[in-house]
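Peer 1: Please read through the structure below; I'll follow up with questions.
Quick note: the coordinates plus some simple rules give every number you see, no bench work behind them. Just so it is clear, the model here is predicted, and its values are computed rather than measured. Counting neighbours? That spans all protein chains shown, and the Cβs are built from the backbone with ideal geometry, glycine included.
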Amino acid sequence: MKTIVVKRKILLVILCFGLISCSLLGIVFGAKLAFSKPAISKTIVIDAGHGGIDGGATGKTTNVNESYLNLVYAKRLEQICKEFGFKVVMTRKDMNGLYDETAKSKKKSEMEKRKDIIESAKPDAVVSLHMNSFSDKNVRGAHVFYGQDNQAGQELAENVAECLNRNIKYAYKNVKVGDYFVLNNSKCASILVECGFLSNPEEEQLLQQDDYIQKFCYNIFCGIYLFFK
Ligand SMILES: [Zn+2]
């Protein structure tokens, strides 16, 4: 009888030891999993162009507004960036313009506000999103721009253009210097992506398809990710 009690005690000790070991392994394994997530502590400003009374370009076939599509792309890119641990600051989150309603010049007020948001975010990169339009409706494709004398901007633009060109049928690999307010007013790596032409009826349709938006934004993200790598 005494030996049975002793054996039970030994078994109990072994069981407890086993449970504690498993828990410890779980903690260690869990911690390892947590650390293996991509840890990217970068801040990105995502700038949806236009907004409010400034709708930007309009698609002739579907009547879609550029300001709306810019916001759709900005929100999708925000979602992807956040999934990978980036901190994201959006210049606008809805269809309202950034300008002060009482301002004499809404354009000037809007530009100042955009600049203020970018400056106070102290970002590592700025990605401004737009849709293009041209008199010749045959012209199509995505272009990536960077600001004059912005070396980091050029490198970011090249990475993004490379990813887009590899995976999107009509996306130009060559990057260009663009004389845009957002690019001229941010010193960090800043780019402006003209995602496609609303003046091209086929591209106008394509730019609104959910799977295309996902693919497009994912490739912008890949370029950003490669740039920081
Ligand atoms: Zn635009």
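Peer 1: Using the Karplus curve 6.51 cos²θ - 1.76 cosθ + 1.60 with θ = phi - 60°, work out ³J(HN,Hα) for each residue of segment 189-203 in order, rounded to whole Hz, and write x for Gly and Pro.
Peer 2: Karplus-based 3J(HN,Hα) across segment 189-203 equals 4, 10, 9, 10, 9, 8, 5, x, 9, 6, 7, 9, x, 5, 5 Hz.
Peer 1: For labels at Ser120 and Thr102 in the simple 7 Å Cα→Cβ model, what's the distance in nm?
Peer 2: 1.8 nm
Peer 1: So, one more: Classify segment 52-150 from the C-alpha gyration tensor, please: rounded if a/c falls under 1.5, else prolate or oblate depending on whether a/b exceeds b/c.
Peer 2: It is oblate, given that a/c is not under 1.5 and a/b is not larger than b/c.
Peer 1: So how much slack lies between Asp94 and Val177, counting 0.36 nm per residue of separation and subtracting their Cα-Cα distance, in nm?
Peer 2: My answer for the length gained is 27.0 nm.
Peer 1: Something else now. For Val89, enumerate residues with amide H under 5 Å from its amide H, sequence gap 5+ or separate chain, H modeled in the peptide plane.
Peer 2: Amide H to amide H, under 5 Å and 5 or more residues apart or across chains, Val89 pairs with Ile44, Val45, Ile46.
Peer 1: Apply the Karplus curve 6.51 cos²θ - 1.76 cosθ + 1.60, θ = phi - 60°, to the phi angles in segment 218-227 and return the couplings in whole Hz, x for Gly and Pro.
Peer 2: 4, 6, 5, 4, 4, x, 5, 4, 5, 4
Peer 1: Which far-off residues, 5 or more places away or on another chain, put their amide H under 5 Å from the one on Ile53, with H placed in the peptide plane?
Peer 2: Result for Ile53 returns Gly97.
Peer 1: Here is a follow-up. How big is the dipole moment of segment 80-226 about its Cα centre under a simple scheme where the beta carbon of each Lys and Arg is +1, that of each Asp and Glu is -1, and everything else is neutral? Debye, nearest 20, please.
Peer 2: 220 debye
Peer 1: Quick check: net charge around Gln214, other residues with Cβ under 14 Å of its Cβ, Lys/Arg +1 and Asp/Glu -1?
Peer 2: Around Gln214, the surrounding residues sum to -1.
Peer 1: Tell me, what HN-Hα J-couplings in whole Hz come from the Karplus equation 6.51 cos²θ - 1.76 cosθ + 1.60 at θ = phi - 60° for each residue of segment 160-169, using x for Gly and Pro?
Peer 2: 5, 4, 4, 5, 5, 4, 6, 10, 10, 4
Peer 1: If you don't mind, another one. Give me the extension gain from Asn63 to Asp149: residue separation times 0.36 nm, minus the current Cα-Cα distance, reported in nm with one decimal.
Peer 2: 27.3 nm
Peer 1: Amide H to amide H under 5 Å from Ala171: which residues, 5+ apart in sequence or cross-chain, H placed 1.01 Å off N in plane?
Peer 2: Ala142
Peer 1: Let me ask something else. For segment 43-228, what class follows from the C-alpha gyration tensor (a ≥ b ≥ c being the square roots of its eigenvalues): rounded when a/c is under 1.5, otherwise prolate if a/b is larger than b/c, else oblate?
Peer 2: The shape class here is rounded.
Peer 1: From the Cα gyration tensor of segment 92-161, with a ≥ b ≥ c the square roots of its eigenvalues, which class applies: rounded if a/c is under 1.5, or else prolate if a/b is larger than b/c, or else oblate?
Peer 2: Verdict is oblate for segment 92-161.
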